[in-house]
Amino acid sequence: MQVQVVDHPLAAAALTVMRDERTARPQFRAALHDLAMMLVYEAARGLPTMPVSVTTPLTTTTGVVLAAEPVVAPVLRAGLGMLPAALTVMPDARTAFIGLARDEATFEPRVYLESVPADLAGRPVFMLDPMLATGGSALHALRLLTARGATGIVVVSAVTAPEGLTALEKSGLDVRVVTAAVDESLNDVAYIVPGLGDAGDRLYGAV
Ligand code: URA
């Protein structure tokens with residue numbers, strides 16, 4: 001499994017705004033939007049393209065178009081905070097929605113929404129979740145996507161925990177992770193430390 005930590009001053013600065021407990025919801029949403037643009041841009045680096053002929057005002061030359069329509073799969077709630085950025089970077093992408101809630105007693109994911117194209121074979125898939133903590137939700141979502149034929153899924157997360165990366169690695173799934181940070185560890189209630197708290201609450205308010 002490949003883990004790419006996007007090492008860029010603008011990404012680090014946006015993540016610092018998100019980590020700060022004093023950052024209010026509007027600024028948190030804006031910082032995640034900015035960071036997600038950079039992460040998705042990097043995640044999309046390997047997208048296959050096809051050559052096309054393009055006529056400029058001066059001559060005809062060769063350009064490219066994407067060879068396949070990408071699919072972006074935000075994991076609700078918090079993944080929605082990365083969706084506008086992903087669709088800005090890849091405007092023609094299709095969106096698959098996966099709703100997972102965390103059971104706060106067992107930390108196991110509970111599915112409440114699956115709105116995913118039936119056939120993902122041959123299509124680049126980007127799973128969006130700002131936090132990769134235990135990896136439980138991510139694995140659930142990844143299995144759901146691979147059951148529909150997705151391969152080489154890219155997991156795009158603002159912050160990851162070593163425990164979550166190990167869980168993905170051990171699963172043997174064909175995935176790549178693009179993130180701004182690999183943090184220290186999880187605490188005893190499965191929050192990432194130092195982390196940024198509950199990403200969904202910080203984006204949308206506590207439910
Ligand atoms: N989900 C979050 O939003 N934050 C964490 O620290 C872990 C999981």
Compute the acute angle (0 to 90°) between the alpha-carbon long axis of helix 136-146 and the principal axis of greatest extent of the alpha-carbon atoms of the chain; round to the nearest 10°.
30
So how exposed is T60, as accessible area in Å² (1.4 Å probe, rounded to 10)?
80
Taking the Cα of S115, stepping 7 Å toward and past its beta carbon, and measuring to each backbone N in segment 65-103: which are under 12 Å?
74, 76, 95-99
Whole-Å distance, taken between Cα centres, linking segment 91-166 and segment 173-207
14
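With both bridge residues required to lie in the chain, what share of the DSSP beta bridges run antiparallel, to the nearest 5%?
Numbers: 15 of 39 bridges.
Just about 40 percent of them are antiparallel.
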Between V3 and residues 5 or more places away or on another chain, the pairs with built amide H atoms under 5 Å apart involve V177
What is the magnitude of the charge dipole of the chain about its Cα centre, with +1 placed on the Cβ of each Lys and Arg, -1 on the Cβ of each Asp and Glu, and no other charges, expressed in debye to the nearest 20?
460
What do you reckon, how do D174, D34, D20 stack up by accessible area (1.4 Å probe), largest on top?
D174, D34, D20
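Quick check: convex hull of the Cα atoms in segment 1-57, volume per residue, rounded to a whole Å³? Mind dumping the intermediate values first?
Details: hull volume 8.1 nm³, N = 57.
Output value, Cα hull per residue: 142 Å³.
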Heavy-atom accessible area of E42 with all protein chains present, probe 1.4 Å, nearest 10 Å²?
30
Tell me, what ³J(HN,Hα) does each residue in segment 192-207 have, in order and in whole Hz, if you take phi through Karplus 6.51 cos²θ - 1.76 cosθ + 1.60 with θ = phi - 60° and put x for Gly and Pro?
6, 10, x, x, 8, x, 8, 4, x, 5, 6, 7, 10, x, 5, 8
Give me the net charge for the shell around P109: Cβ to Cβ below 10 angstrom, other residues only, Lys and Arg +1, Asp and Glu -1.
0
Relative contact order (%) - criterion: Cα under 8 Å, at least six apart; region: segment 81-122:
31
More than 22 Å apart - percent of Cα-Cα pairs taken over the chain
47
Considering just Cα atoms, how many Å³ per residue does the convex hull of segment 112-183 enclose?
78
Pull up all non-local amide H partners of A73: gap of 5 or more, or a different chain, and H-to-H distance under 5 Å with H placed in the peptide plane.
A96, F126, M127, L128
At 0.36 nm per residue, minus the direct Cα-Cα distance, what do V3 and A101 gain on full extension? Give it in nm, one decimal, please.
32.8 nm
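Taking all protein chains together and a probe of 1.4 Å, list R110, R102 from the most accessible to the least accessible. Don't skip to the end; give the middle numbers.
Values: R110 140, R102 70 Å².
In descending accessible area the options line up as R110, R102.
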If contacts are Cα pairs under 8 angstrom and at least 6 residues apart, what is the relative contact order of the chain in percent?
23
Run the 1.4 Å probe and let me know the accessible area of H8, rounded to the nearest 10 Å².
80
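The values are calculated or read from the model by the stated rules, or taken from the named source; none is laboratory data. Please read these numbers as outputs of a predicted model, since none were measured by experiment. In this analysis, Cβ positions are derived from the backbone assuming ideal geometry, glycine residues included, and neighbour counts consider all displayed protein chains. Surface accessibility is based on the protein's heavy atoms, side chains included, excluding ligands, DNA and RNA. Shrake-Rupley method; radii C 1.70, N 1.55, O 1.52, S 1.80 Å.
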